[in-house]
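Q: Below you'll find the structure I mean.
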Amino acid sequence: MAQIREDVFAAERAGSFQAVCRALPRIDAHSHVTGATRYCADRTFPGLLHVGMARSDRHHALIRHVDLSAAQAVKGVVRILTHQDVPNNWYTILKLIGMGPDEEPVLAEDRVLYRGEPISAILAESEAAAREAAAKVKVEYEELPPVLDVEVAILPGTSPIKPHGSNLFIYEGRDHFHVHCGDTEAAFREAGHIFEHTYQSSPIEHAPVETTGAIAVPESGGRYTIHSNTQAAFFTLDNAALILGLPFRQLRVVGGTVGGGFGGKVDVIVEPIAILGAMLTGRSVKYVFSREEEMQVSSPRAAERIRIKDGVAADGRIIARDVRILVDAGAYSRHSPYGTIKAAAHMPGPYTVPNVTINAWCVYTNRTPSSAMRGFGVTIGDFALEVQMDRIARRLGRDPFELRLQNAYRDGDLKAHRKTVEGAALVEVIQAAAERIGHALSPEYRAMSSSQRT
């Protein structure tokens with residue numbers, strides 16, 4: 001591995017790379033900066049209808065009555081959709097990744113679990129008319145106490161917000177995901193130092209330049225073409241077909257330039273409503289989030305609360321690591337149960353720790369449902385782990401590079417989830433980073449390798 005690193009540096013110095021270590025212009029850069037790029041929302045079709053969504057203004061409430069009369073009176077309104085119009089009124093994201101149950105309604109039925117939850121979709125001749133009518137939908141609520149903190153959500157006395165009677169996702173009969181290796185408690189008793197810290201992140205909005213959107217166009221033979229800025233065309237097709245009770249062959253999803261996604265445009269939120277509108281009216285239907293909607297109701301990265309307790313030997317080896325993770329799924333599951341598994345499996349990070357206990361809970365709260373975002377389930381955990389490593393280094397008076405090298409996993413090491421490490425390169429990456437910034441390592445750590453031990 002060290003030889004590979006030297007070869008890469010030599011090739012860089014010789015200028016022999018065509019792409020690596022070179023700044024290459026994007027082939028689409030010119031059209032982006034000149035405004036020539038065509039995005040989903042730029043498309044238009046004859047007789048196009050627009051969707052405006054009436055949304056909950058409560059975090060948690062029962063729906064007692066929905067009055068659509070004022071909305072229906074708005075000039076240009078063609079039709080209003082409620083949950084009764086949706087053939088299978090459940091998002092099916094978890095089903096397609098082998099998890100369940102389906103538990104998020106496409107349009108709210110008897111209750112709302114977060115502020116901004118969709119209740120009624122207005123189809124109108126113009127975007128302005130659709131939004132005006134959406135604002136005139138009157139909903140009578142019976143307000144319920146909201147649960148907005150993961151620690152509060154899991155207290156024994158907190159009322160469950162979910163129909164299955166728990167504020168926790170259930171993994172095959174268990175209310176959390178568990179990873180265990182070695183004897184953590186015994187190792188803590190033997191440790192010369194104990195470090196315990198808690199790390200908290202907030203939900204992170206993707207904030208794409210282009211808001212989430214789709215246009216459904218009726219075609220001959222009962223087929224529909226969907227122009228979407230989805231990041232996952234076939235995932236979108238499968239979910240929409242299941243929700244609408246259509247054969248997969250009747251849908252065709254056309255992607256294109258995505259004006260920023262980062263994981264946020266995989267949740268299939270707008271396409272089913274646009275297609276349903278086209279099915280019921282026989283006209284093309286456009287459903288695009290406003291900027292306000294994008295910021296309020298598109299899935300953010302989940303907030304996480306992570307407690308890391310480390311037992312460290314006198315020589316700096318981490319001999320025990322206990323991690324407690326609470327992932328805020330928000331009101332519905334989407335991809336967060338899967339992200340929670342990733343978070344647990346990723347621990348204890350890229351380090352070889354012989355004794356590990358990890359417990360991770362996917363927690364429901366009355367917040368906007370969270371979902372995928374660039375490395376979700378790993379990114380926040382890595383932040384917590386690396387801050388923890390810096391804290392240990394400072395307390396022990398150790399070089400933070402060398403502390404990481406000492407504990408870095410290498411080929412042949414056994415991870416906490418019983419997988420053997422192969423193709424590790426952390427040692428070489430740390431060595432290269434130190435070299436690039438002129439940080440001197442002792443000969444012992446400069447000579448380390450991921451593939452060989454001395």
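Q: Of all residues in region 360-407, how many are charged (D, E, K, R) and either in a strand (DSSP E or B) or farther than 22 Å from ALA432 by Cβ (or both)?
A: The qualifying residues number 5.
Q: Regarding GLU142, is this residue among the acidic types (Asp, Glu), assigned to a strand (DSSP E or B), at negative phi and exposed (fewer than 14 other Cβ atoms within 10 Å of the Cβ)?
A: When the stated conditions are applied, GLU142 passes them.
Q: If VAL353 satisfies every condition in (1) in a helix (DSSP H, G or I); (2) of a type outside the set (Gly, Ala, Ser); (3) touching a Cys at 6+ places or on another chain (Cβ under 9 Å) but one, which is the exception?
A: Failed condition: (1).
Q: Among the residues of region 397-432, which ones are loosely packed, with under 12 Cβ neighbours inside 10 Å and either within 30 Å of the chain's Cα centre (by Cα) or farther than 30 Å from GLY182 by Cα (or both)?
A: ARG418, LYS419, THR420, GLU422, GLY423
Q: Might you check whether a residue that is aliphatic (A, V, I, L, M), buried (at least 19 other Cβ atoms within 10 Å of the Cβ) and within 28 Å of THR198 (Cα to Cα) occurs anywhere in region 437-454?
A: Taking every residue of region 437-454 in turn, none turns out to be aliphatic (A, V, I, L, M), buried (at least 19 other Cβ atoms within 10 Å of the Cβ) and within 28 Å of THR198 (Cα to Cα).
Q: Could I ask something else about it? Looking for whichever is buried (at least 16 other Cβ atoms within 10 Å of the Cβ), within 22 Å of LEU246 (Cα to Cα) and of a type in the set (Gly, Ala, Ser) here; the options are ALA133, ALA121. Which one fits?
A: ALA121
Q: Those residues that are closer than 20 Å to SER336 by Cα and touching a His at 6+ places or on another chain (Cβ under 7 Å), I need them from region 87-105; list them, please.
A: Residues satisfying the conditions are ILE93, PRO105.
Q: Looking at region 408-442, which of the residues that are charged (D, E, K, R) and not in a helix (DSSP H, G or I) is nearest to MET347 (Cα to Cα)? Let's see the steps before the verdict.
A: First, pick out the residues of region 408-442 that are charged (D, E, K, R): 410-411, 413, 415, 418-419, 422, 428, 435-436.
Filter again for not in a helix (DSSP H, G or I), leaving 410-411, 413, 415, 418-419, 422.
On the way: ARG410: 15, ASP411: 17, ASP413: 14, LYS415: 9, ARG418: 12, LYS419: 12, GLU422: 17 Å.
Here the residue is LYS415.
Q: Confirm whether THR379 is among the β-branched types (Val, Ile, Thr), crowded, with 22+ Cβ neighbours inside 10 Å, modelled with pLDDT of 95 or more and at negative phi.
A: Spelling it out, it is not the case that THR379 is among the β-branched types (Val, Ile, Thr), crowded, with 22+ Cβ neighbours inside 10 Å, modelled with pLDDT of 95 or more and at negative phi.
Q: If you scan region 181-203, which residues turn out to be under 24 Å from the mean Cα position of the chain (by Cα) and part of a loop (DSSP other than H, G, I, E, B)?
A: Residues satisfying the conditions are SER201, SER202, PRO203.
Q: Next question, about the same structure. How many residues, within region 367-404, are touching a Leu at 6+ places or on another chain (Cβ under 8 Å) and within 30 Å of LEU144 (Cβ to Cβ)?
A: 1
Q: Does ASP310 count as of a type in the set (Asp, Glu) and surrounded by fewer than 24 Cβ atoms within 10 Å (Cβ to Cβ)?
A: Answer is no for this residue.
Q: Please specify each residue of region 43-65 satisfying the condition of being surrounded by fewer than 21 Cβ atoms within 10 Å (Cβ to Cβ), part of a loop (DSSP other than H, G, I, E, B) and basic (Lys, Arg).
A: Result: ARG43, single match.
Q: Here's another thing I want to ask about it. Would you check which residues across region 316-333 are more than 22 Å from GLY349 (Cα to Cα) and in contact with a Gly (Cβ under 6 Å, 6 or more places away or on another chain) and list them?
A: Within region 316-333, no residue meets the criteria.
Q: Hey, another quick one. Given the structure, is VAL209 surrounded by fewer than 17 Cβ atoms within 10 Å (Cβ to Cβ) and outside any helix (DSSP H, G or I)?
A: yes
Q: Restricting attention to region 395-429, which residues are closer than 20 Å to ASP315 by Cα and outside the structural domain of ALA313 (by TED's automatic domain parsing)?
A: VAL427
Q: Within region 243-263, which residues are β-branched (Val, Ile, Thr), modelled with pLDDT of 95 or more and outside any strand (DSSP E or B)?
A: ILE243
Q: To continue, here is another question. Surrounded by fewer than 15 Cβ atoms within 10 Å (Cβ to Cβ), in contact with a helix residue (DSSP H, G or I) (Cβ under 9 Å, 6 or more places away or on another chain) and not β-branched (Val, Ile, Thr): does that describe GLY100?
A: Yes; evaluated as a whole, the condition is true for this residue.
The values are calculated or read from the model by the stated rules, or taken from the named source; none is laboratory data. This is a predicted model, so every value here is computed, not measured. Every residue, glycine among them, receives a Cβ derived from its backbone with ideal geometry; neighbour counts consider all protein chains shown.
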